[in-house]
Amino acid sequence: MKYIAPTKEEFFQQVKSYITNEDSLALIEKAYNYSLEKHKEQLRKSGEPYFVHLIAVAYELAKMKCGPKTIAAGFLHDVMEDQDVTKEEFIKEFGEDIYVLDEAVTKIGNLKFNDEKEYQAANHRKIFIAMAKDIRVILIKLVDRLHNMRTLEYHSREKQIKIAKETLEVYAPIAHRLGIAEIKNELEDLCFMYLDNEKYKEIAKLVESKKPVRDAQVQGMIDDITKMLKSHDIPFRIFGRSKHFYSIYNKMTKKNKRFEEILDLLAIRIVTETELNCYEILGYIHNSYPPMPGRLKDYIAVPKTNMYRSLHTTVIGKDNKIFEIQIRTEEMDEIAEKGVAAHWAYKEGNYDSNKEQKEIVSELNWLKEFEENENSANEYMETVIGDVFNANVYVMTPKGRVIDLPQGSNPIDFAYRIHTDVGHKTVGAVVNGVMVPLNTPLKTGDVCEIRTSNNATPSEDWIKICKSKQARNKIRSYFDKKELEEKQETIKLGEQYLKEYCQRMEISEDEVLNKDKLEKICSDFTCKNTNDLLFSLGKKSLSPQSVVDKLVKVGKKQLDTEVLDSILKKNQQKRNKAVSKSGVVVQGVNSIKIDLASCCTPIYGDKIVGFVSQGQGIKVHRDCCPNILNKKRLIFVEWDDKKPDVKYIATIKILAKDRNFLVTDLVTCISQYRANLTSINVTVNPEDLIATASISISVDDAEHLNTIMANIRKIDSVLEVNRMIK
Ligand code: MN
């Protein structure tokens, strides 16, 4: 299985399949020529020109649809180290961005990994990722190693073992973690071949010998499923798949299974269009073939930490053979093979590597647990970089699961890393068999057990005590949520106060409790949004009356600017005007029916607005009347200069603590100011003993009414006096 590097044509064909921009192609061409020239004297151990390695690396990057800078960096990744190109020259030729990528690639290449101590492999992976800082560097390093592994045969036996071991412990797990199954599988099989050649050959031989029978069995099942699914009109493609050798070996050694047991499992994959299709297909499969209990895995609903999504089931199929079936969409299949690289695929036109980095990180499910507490993208990135890239304490659960934590972490961090609910319910911690305070720093190798209680809740002190941003965010979000719940209550209360006010003032609720309208006046009360406004109402830092007044004003403002001006201008051009008996003047018409609206009963001197009602002339409203909000046919009206000799009816509502002679005092006050009482209605609420009096009086004008209202307010035990609008 000798690897043959791509030709120039093959390489550019691959690049041009997704890059068309001329500048981008020129950059790649330049990097191609530059590295070809610089490395021209250098040979590989195989005797081939060194450039073969560079085009192989660049080609793998292009296969993953990396961007032009990444591909250029692929060509140039050995030029500084091997050809003594200076930083200055490199930047002059290819710019800062590509330099930064290749500098990191070179640094990682110079790391000396040796594996004497426990946890070191894990540490090396962390160091590797921490030094790379950028996903693109990791990808370049992975394909660099892939080509080196493919051509490892030319090295000494000693070197082969050293490189293969390092690849298996550091590179393959990183590829796995990033979900790049294609590269991970190939790396593992190559390592396996070099590290345990006998076992490798044995397994390869066994697989080969069983292949014809297995292929026939798989094909039979595929035919059956195809026939069955075709009758259901679902898009799909189906194929058998082979396990790679190292995974077979792993199952044999780690799960202690015989070769036959592993190979007895026949594997089939079905790729379809939508998530829903996946579940439909699963349903049809289970309907046709008995599923093995406990073997259904829904990685669509709960993705693996490396973004892998798929449905897995195991069924008893044709001839009682056991089949492992994977069902997924095309997109999931792409991610399963290429992992992070599938998400990272370069798209021309809107290229932003920073944004891409963030997107990749947010796609990675092993980081997803952070997301629930995430407030902003920045904080999120800090969380990721702080917790994952710099993580360097490895603590175990009693069951041996290794949890990595930032330096200085304590059992609180540990608990939240296991699960948010474990964190919230923590009451104590046992480290290496000894009960310790929750702020005890953990060390690599500690075994930590968290004691929980169902009634426990987090303490706010933990925010200060914990070391990981993840734990801090989770604790914070717990308290934020609690605060939010309390806030929701207050908002509801605010809504209720507003409703009650409307009922009391007999104002239509629909006009007031309207999100769009409330939204418009939020800024007048320095509130961010409607909820904020309702919150202020609920806290009683804002009165319902001021909100309603504002609503009316805003409604009128719209009227002023949009309608009034033009109508006024139009009206003024004409000389004639109509005057009603009540003293309202309408310009520009000879005669028209003019009535005072019964809802808000305007009085001479009030600010007024006319509404042209259909077939009923003009209704005159007070400009604070909610009933004119959103009315279209409004016109400018005014009071005649000369007040007519008529009386106006006004209705006022009075709230007062009930007491003896309250009504007498009210009536006395009104008659004192020579107003006629036309109706009075008093009720007393038996619960709070608050009296509500609705009184209609006839007055001369607005000034007259205001004087009366002002004097009623002075009456003992009166709480509130308002003019009514129905
Ligand atoms: Mn290299």
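Every number in this text was worked out from the coordinates using simple rules, so none of it is lab data. Owing to the predicted nature of the structure, the values given are computational and were not obtained by experimental measurement. Note that each Cβ is placed from the backbone with ideal geometry, even for glycine, and that neighbours are counted across all protein chains shown.
For this structure, a couple of remarks:
- Cα lying deepest toward the dipole's positive end in the chain, options 161, 403, 698, charges on Cβ: 698
- Net charge of neighbours whose Cβ lies under 12 Å from the Cβ of residue 441, counting Lys and Arg as +1 and Asp and Glu as -1: 0
- When only alpha carbons of the range 610-662 are considered, Rg and Dmax amount to 16.9, 50 Å.
- A cut-off of 5 Å between modelled amide H atoms, ignoring neighbours fewer than 5 places along the same chain, links residue 307 with 365, 366.
- Ordered from longest to shortest, the equivalent ellipsoid semi-axes for the range 195-250 are 32, 12, 5 Å, each the square root of 5 times a Cα gyration tensor eigenvalue.
- Computing Rg and the Kirkwood Rh from the Cα coordinates of the chain gives a ratio, Rg/Rh, of 1.19.
- Here the scattering of the range 1-88 is modelled by Debye summation over its C-alpha atoms, one equal scatterer each and no solvent; at q = 0.15, 0.23 Å⁻¹ the log10 of I(q)/I(0) is -0.53, -1.15.
- Shape class of the range 167-226 from the Cα gyration tensor (axes a ≥ b ≥ c, square roots of the eigenvalues): oblate, since a/c reaches 1.5 or more and a/b does not exceed b/c.
- Put simply, the amide H of residue 678, placed in the peptide plane, has neighbours under 5 Å in 696, 697, 698, leaving out anything fewer than 5 places away on its chain.
- Here r is the Cβ-Cβ distance between residue 510 and residue 545 and R0 is 22 Å; the resulting FRET efficiency, rounded to 0.05, is 0.75.
- Full extension of the chain between residue 607 and residue 434 gives 54.3 nm of extra length, using 0.36 nm per residue less the Cα-Cα distance.
- Taking the Cα centre of the chain as origin and assigning +1 to Lys and Arg Cβ atoms and -1 to Asp and Glu Cβ atoms, the resulting dipole is close to 1420 debye.
- In a fully extended conformation the segment linking residue 455 and residue 714 would gain 87.7 nm over its present Cα-Cα distance, using 0.36 nm per residue.
- Cα gyration tensor category, rounded, prolate or oblate, for the range 437-555 with a/c compared to 1.5: prolate
- Percent of beta bridges antiparallel (DSSP, the range 586-726, rounded to nearest 5): 90 percent
- Relative pair counts by distance (%), Cα atoms of the range 645-692, 10 Å bins: 21, 51, 21, 6, 1
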